[in-house]
């Protein structure tokens, strides 16, 4: 396959036109808050068939993240239009090739005092496509800290916001990979939280869907929301519910859900194998349908 | 005062020459791990009188940070040489102007798979110079999480490492500033941890120095190490010791210590005023001496 160049739009964060940027040139300055302290917010979407998937939910979470970090309010329609334009241009250039689309809004350059913003499309990697098809092995791990009880959460703390601060999470993933696992599931004692960059979905023997409630160490998931909406429309039971590691081991199947990988079936947890479930085929189809829809 | 341009060196992370970079041009690519997930390590030093202050301790912590994030081993002598060269060039251009010098080592571009590295000098800001002279008011706040006990810390967790992930900390500082405070001190219940980008130093009525022990939510401090070494050489008592908020309120004086601001006397904590202490003059001189030495 020939190498496919990324497609980059520089965004006027609060409105105005987008500007194509040559991907072979840098565009971020040394004093941009994204670089100096990861001080910005991010969304990652799937571009499929010339359209951004699950667009409204991503735009809403992006707006909330920006608000929480004092970068808002943003004009979500402006970002949605840019994503639609990017998806169309991507499809024109690379028909039938799915892409990962990242939105970044940073506090901007210290010397300028205005936010910087951009949007990038890159092809979905081989690894991600392989994990969609073949599933993943995971290890569970604590995070090294515990979220405090709600009444002790400081009012300044950005909650349910997706920032650029992922260095520690990536250290966990590197550790897992070095030990032969594909991914991690974060736990607090035996309580299941979330994947490194994904949401844990459990399918019960009866075909019902469960996920740990968002908040307290679990990011609100756009993918889980889309999946549950589609499942509910099919008449399937869905519920946010506290889950223990044992609930995963005894489930019909466990999936890691995220925008660009969509669903990866968990094949083993800490070395305990999870054999194929009886609902796998329908769940896989349901995930694909829910996470490629606009 | 005329505007002083930053001075930027692009660094070959593992050896080789440095390269001057035009500060009016960007040099960071959209897919650099520093930008996409704050996945890199950082040090900030003072350049004073044509020399980097406290150089060896910064180089050692930088090396440890890199090691903890799987970016090492690095050649500390290479980084020290670059800093010496930068400090000299800065002094040639701007004699007598103190500078803040930042070292960044990022995991690099996703498409390249090699680290990127650079070093920047910028003038010490008016705000920082004002806080050195006039002190700061602070608010105390929890972090929203608790570090787990040592035996539950996962082995992959980078400890005592200074990464680019400062977005949440900066949210606390913005909150404090919006309420009329200059800075924050993080606490766990009534136990004192550290400042947002500084170390808490308490001077007792007898002139002894105390600081909370590093680890468990407190970063190892190069400034505190330099200060304690200089104080000890003077025959002053120094000790790492658990400190409560009440210990701060009853102290002779409290200081926030960091490389470029050096010492800022805490004038008030959560609205409780801390009047000038009897040791202030000597402590101020000691801090200045300890934190400008090579």
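The values are calculated or read from the model by the stated rules, or taken from the named source; none is laboratory data. Worth saying up front: this structure is predicted, and the values here are computed from it rather than measured. Backbone-built Cβ (ideal geometry, glycine too); neighbour counts: all protein chains shown.
For this structure, a couple of remarks:
- Residues that are in a loop (DSSP other than H, G, I, E, B) and within 7 Å of chain B (Cβ to nearest Cβ) within segment A:32-56 comprise A:38, A:39, listed in sequence order.
- Test for residue B:26: is it outside any strand (DSSP E or B) and within 13 Å of chain A (Cβ to nearest Cβ): yes
- Qualifying residue in segment A:104-113 (condition: within 25 Å of residue B:178 (Cβ to Cβ), in contact (Cβ under 8 Å) with a residue 40 or more places away in the chain, under 17 Å from the mean Cα position of the chain (by Cα) and buried (at least 20 other Cβ atoms within 10 Å of the Cβ)): yes
- Some residue of segment A:84-91 being surrounded by fewer than 22 Cβ atoms within 10 Å (Cβ to Cβ), in contact with a helix residue (DSSP H, G or I) (Cβ under 7 Å, 6 or more places away or on another chain) and over 21 Å from residue A:229 (Cβ atoms): no
- Test: residue in segment B:226-233 that is within 20 Å of residue B:57 (Cα to Cα) and more than 20 Å from the chain's Cα centre (by Cα): yes
- Residues within segment A:153-166 that are within 7 Å of chain B (Cβ to nearest Cβ) and either within 22 Å of residue A:186 (Cα to Cα) or touching a residue at least 12 places away in the same chain (Cβ under 8 Å) (or both), tallied: 7
- Residues of segment A:132-144 that turn out to be within 18 Å of the chain's Cα centre (by Cα) and either surrounded by 20 or more Cβ atoms within 10 Å (Cβ to Cβ) or part of a strand (DSSP E or B) (or both), as a count: 3
- Within segment B:206-230, the set of residues being touching a helix residue (DSSP H, G or I) at 6+ places or on another chain (Cβ under 7 Å) and either surrounded by 22 or more Cβ atoms within 10 Å (Cβ to Cβ) or not assigned by TED's automatic domain parsing to the domain that holds residue B:188 (or both) comprises B:209, B:211, B:222, B:223, B:226, B:227.
- Residues located in segment B:186-200, provided they are under 14 Å from the mean Cα position of the chain (by Cα) and crowded, with 22+ Cβ neighbours inside 10 Å: B:194, B:195, B:198, B:199, B:200
- The residue that is farthest from residue A:184 (Cα to Cα), among those in segment A:114-131 that are more than 7 Å from chain B (Cβ to nearest Cβ) and in a strand (DSSP E or B), is A:116.
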